[in-house]
Amino acid sequence: MAIVGYAQSPIVRHAAQPLGALAVQTARAAIADAGLTVAQVDGFVGSALLPTAGAHASEDGVSIVTPEWLAAHLGVEPRYAAGFSGMGQLPGSLALGVNALAAGAADYVLVHRALHNPRGSYHGNPMTHAAGAQQWTAPQGFFGPVAMIALAYNEYLQRYAAAPEAMATVVAEARKNGARIPWSYWHGKPLTAEDYLAAPMINDPIRRYDCDIPVDGVAAFVLTSADRARDLPHWPVHIAGIARSQPMTRRLPLHWPLDDIMAVGASLARRLWDVSGVGPDEVQLPQLYDGFSPFVYFWLEASGFCGIGEAHEFVRDGRIDSDVRGSLPILSGGGALGNGRMHGVPQLLECYLQLSGRAGERQREDVDVALACHSSPHLGGAVVLTSEVV
Amino acid sequence: MSDSLRPVPVPDERSAPFWRAAAEHTLTVACCGACGQPTLPPDVVCPHCGSTTPEFSYTPVSGRATVKSWTVMRQSFLPGFESDVPFVLVDVELADAPQVRMIGRLLDGEDPALHLDAQVGIAWEDLTAEVSVPAFRLMR
């Protein structure tokens, strides 16, 4: 199975058009990019999660876009439409699409992700009563994803006596690359390590620029079989393997002990390398998820790019600098920190552009095997992509 | 006592015994009726033995715990914490049930001398006359 075309809207704080209109435009552009007509696309997959802890309404076509809504508004009655409901939305959606193609349920599948930045406080929630799972945490003031990642990151910092300053290298690398990308919210706006460290703490040790910025944006990719891909205009990028993960230990809501992240993350990595037939040493372009910067450490270690507890040292001295020959360019596509809160899109898009030879001025040499990660190693997914069938 | 504007826990079938004990400042954990193993929050299936009729009983624990992580909340997304920020949340492992991790406020000010494996004991925040939520204090 292969990716044969794509489109992405500009990434902005608040789009001039409603999200659904942006999604229809982007879908039409992706289908045309793949050399197809809308009528040929018979499969639609994607995730419609609005990733806010706030009280914002999920309204299809306005604040979210489901695959079914998108197909209907493209005027297509699809043979196959499926929404992915878990975390690691992009790898999860890709898996639905690949499986639909393999089963013969569809011949051409559109995978889309539409992210919305609602007006008002993104995570602010006026709740007066905490029912269900949140009764165990909200009354104490533990709420929202920033506090969630703050506890996991501080557990890492304390256990490995890691310097918080090391993360400045990661964030500056993401912003350096994002600044070079015309569609990025942060285009032309790199960030220095000094600026990173000078920004306020939100929930210690998480600073402002450890968090990606909420945006409006839509991306769409077209999938088909390797056979059908041969007849299409662009070089196909093959999906060699996908693995997903879920926590295996009962915890409080949003409570992510470091041991849970790393144990399940190691299991995901074993399954990923096994199913894709490649190992970490063969990946030239690992695009690690960075919606919160500590995820970069967790993916580096869980995937086997460095030892456990070593990521905070590994990222220093140019080893992740995309401009240094022989480095591990883990954020060459700018990631979420360098583009905006597009979930796993920047990672997958960079893999696609580099492997298909469509990265333009940013085109890298000798990239045959790439990795796109999304969310946390214990509650997410990862995809291995290749320029040839493995 | 003036009632807090913070979110108040809403007890349900599984959690009601926990909150009844909490109102009397007793910390409990849910123990499976089939295997006896502790869990928090209680699940509909015991995560240890797989029993689909776990019939949890709430067993008092000492409330002594070890700090595994913490954060200083300089911003809160919930109502009722405006006058409390910055405040400290600790992520602790219970001495009497090491499988169980809890998160609560540390009531030792905004800049406590915290370190990995610091020892804490249970404390309580009374949100209303009938509702108390677990918190912690450093043991000295």
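Structure values in brief
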quantity	calculated
Residue in region A:349-360 that is touching a residue at least 12 places away in the same chain (Cβ under 8 Å), charged (D, E, K, R) and not in a loop (DSSP other than H, G, I, E, B) present	yes
Single match in A:Ile11, A:Ile3 (criterion: under 20 Å from the mean Cα position of the chain (by Cα), within 22 Å of A:Asp212 (Cβ to Cβ) and not basic (Lys, Arg))	A:Ile11
Every pair of residues 6+ apart whose Cβ atoms lie under 6 Å, when the first sits in region A:150-169 and is more than 9 Å from every other protein chain (Cβ to nearest Cβ) while the second is crowded, with 23+ Cβ neighbours inside 10 Å and of a type in the set (Lys, Arg)	none
Residues of region A:294-316 classified as out of contact with any Ser or Thr (no Cβ under 9 Å at 6 or more places or on another chain) and farther than 18 Å from A:Met87 by Cβ, total	14
Test: A:Val12 is in contact with a helix residue (DSSP H, G or I) (Cβ under 6 Å, 6 or more places away or on another chain) and either of a type in the set (S, T, N, Q) or modelled with pLDDT of 95 or more (or both)	no
Of residues in region B:1-22 being buried (at least 16 other Cβ atoms within 10 Å of the Cβ) and of a type in the set (Gly, Ala, Ser), the one nearest to the other protein chains (Cβ to nearest Cβ)	B:Ser15
Answer from B:Ser69, B:Ser76 - the residue that is buried (at least 20 other Cβ atoms within 10 Å of the Cβ), polar (S, T, N, Q) and not in a loop (DSSP other than H, G, I, E, B)	B:Ser69
Subset of region A:173-201 [surrounded by fewer than 23 Cβ atoms within 10 Å (Cβ to Cβ) and either within 23 Å of A:Ile308 (Cα to Cα) or within 14 Å of chain B (Cβ to nearest Cβ) (or both)]	A:Ala199, A:Pro200, A:Met201
Residue among A:Gly120, A:Gly86, A:Gly141 that alone is surrounded by fewer than 22 Cβ atoms within 10 Å (Cβ to Cβ) and farther than 30 Å from A:Leu385 by Cβ	A:Gly120
Subset of region B:24-42 that is of a type in the set (S, T, N, Q) and within 11 Å of the chain's Cα centre (by Cα) - its residue that is nearest to the other protein chains (Cβ to nearest Cβ)	B:Thr28
Residue within region A:367-385 that is of a type in the set (Asp, Glu) and either part of a helix (DSSP H, G or I) or out of contact with any Ser or Thr (no Cβ under 6 Å at 6 or more places or on another chain) (or both) present	no
Failed condition for A:Ile206, given (1) without any contact (Cβ under 8 Å) to a residue 24 or more places away in the chain; (2) farther than 22 Å from A:Glu350 by Cβ; (3) of a type outside the set (S, T, N, Q)	(1)
Whichever residue in region A:101-137 is under 30 Å from A:Ile239 (Cβ atoms) and free of Cβ contacts under 8 Å to residues at least 24 places away in the same chain and, among such residues, is farthest from the other protein chains (Cβ to nearest Cβ)	A:Gly104
Every residue from region A:138-149 that is free of Cβ contacts under 8 Å to residues at least 12 places away in the same chain and either within 30 Å of A:Arg13 (Cα to Cα) or more than 14 Å from chain B (Cβ to nearest Cβ) (or both)	A:Ala138, A:Gly141
All positions within region B:52-63 that are assigned to a loop (DSSP other than H, G, I, E, B) and surrounded by 15 or more Cβ atoms within 10 Å (Cβ to Cβ)	B:Pro54, B:Phe56, B:Val61, B:Gly63
Residues located in region A:215-254, provided they are more than 14 Å from chain B (Cβ to nearest Cβ), under 19 Å from A:Gln89 (Cα atoms) and either surrounded by fewer than 17 Cβ atoms within 10 Å (Cβ to Cβ) or of a type in the set (Asp, Glu) (or both)	A:Asp216
Hey, A:Arg159 more than 18 Å from the chain's Cα centre (by Cα), in a helix (DSSP H, G or I) and under 30 Å from A:Ala21 (Cβ atoms) or not	no
The listed residue being part of a helix (DSSP H, G or I), within 18 Å of the chain's Cα centre (by Cα) and under 18 Å from A:Gly83 (Cα atoms), out of A:Ala27, A:Ala23	A:Ala23
Any hit, region B:80-90, residues being surrounded by 15 or more Cβ atoms within 10 Å (Cβ to Cβ), free of Cβ contacts under 8 Å to residues at least 24 places away in the same chain and polar (S, T, N, Q)	no
Test: A:Leu90 is outside any loop (DSSP other than H, G, I, E, B), under 22 Å from A:Gly144 (Cα atoms) and not polar (S, T, N, Q)	yes
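The values are calculated or read from the model by the stated rules, or taken from the named source; none is laboratory data. Treat the numbers as computed from the prediction; the structure is a model and nothing was measured. Here the Cβ is made from the backbone with ideal geometry for all residues, glycine too, and neighbour counts use every protein chain on show.
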